[in-house]
Amino acid sequence: MQNRFEISWFLGRVAAPALLAALLMTSCDNSTENTVPDELEESQLEFVPRQAAAPALATMDTSFWAVKGRDSELEIRYQGQGGPGTGKEFLEFVVEEQTLLRRPDGTTFADGDSIEIRVTVDPLLFLVEFEPSGLEFNPNEPAKLELDYDEAEDDFLVRESDIDFWLQEQSNEPWARLASIQVEELDEIEVLLTGFTRYALAIGR
């Protein structure tokens, strides 16, 4: 069965519109027009929770070093019965060779320069926060963030076509919807990033 991509468009802090347009040309979009506003207060969002019976995550606070000129990837998985690395994937974050652009202080990265990236996961929700704040990525080779939501609560899974990626710059600010690529058959959703903040899966109302 052919994968069906649900594609939402928003003017937020995502990059590579040409890439997303190319994906649109090669995908099949059977969704209706999304009438949810592009910016909502936190009280107007239903954040997607993980099932109470979902396996524990292998880690909820981790970090790795990204290096300019090298591909880097971070995975967070659920705990598996076969030991570390055997559980189902929860999060994948990819930094490609030329993704790193500027440090939070505004200085640019040269090949071989590195920076430590920290990821923390909410204990209940599909909500993740990245540090350091202010890190900038190349808009022509953005970072990629994917969340697998097959362990979401059932009443959210039956409404998965309404699930969007949302970002919040500061804890007291509204949430903004991001352009995302959703593959419902795989229960996964991906977004392209040019910087760091808080990201969550939610349904707007």
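Here are the numbers:
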{"read-out": "In segment 39-87, residue most open to solvent (accessible area, probe 1.4 Å) [restricted to those that are more than 18 Å from the chain's Cα centre (by Cα) and of a type in the set (Lys, Arg)]", "value": "Arg70"}
{"read-out": "Glu129 being in contact (Cβ under 8 Å) with a residue 40 or more places away in the chain, in a strand (DSSP E or B) and among the acidic types (Asp, Glu)", "value": "yes"}
{"read-out": "Sole exception among (1) surrounded by fewer than 18 Cβ atoms within 10 Å (Cβ to Cβ); (2) part of a strand (DSSP E or B) for Ala200, by number", "value": "(1)"}
{"read-out": "Residue count, segment 141-162 (criterion: in contact (Cβ under 8 Å) with a residue 40 or more places away in the chain, over 19 Å from Ile76 (Cβ atoms), among the hydrophobic types (A, V, I, L, M, F, W, C) and out of contact with any Pro (no Cβ under 8 Å at 6 or more places or on another chain))", "value": "0"}
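Rundown of residues vs (1) at pLDDT below 95; (2) in contact with a helix residue (DSSP H, G or I) (Cβ under 9 Å, 6 or more places away or on another chain), yes/no style:
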{"residue": "Ile115", "(1), (2)": "no, no"}
{"residue": "Pro132", "(1), (2)": "no, no"}
{"residue": "Leu135", "(1), (2)": "no, no"}
{"residue": "Asn138", "(1), (2)": "no, no"}
{"residue": "Phe165", "(1), (2)": "no, no"}
{"residue": "Glu169", "(1), (2)": "yes, no"}
{"residue": "Asp187", "(1), (2)": "no, yes"}
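The values are calculated or read from the model by the stated rules, or taken from the named source; none is laboratory data. The structure presented is a predicted model; accordingly, all values stated were derived computationally and were not measured. Cβ atoms come from the backbone with ideal geometry, glycine included; neighbour counts cover every protein chain shown. Note: areas computed on protein heavy atoms with side chains; ligands, DNA, RNA excluded. Shrake-Rupley method; radii C 1.70, N 1.55, O 1.52, S 1.80 Å.
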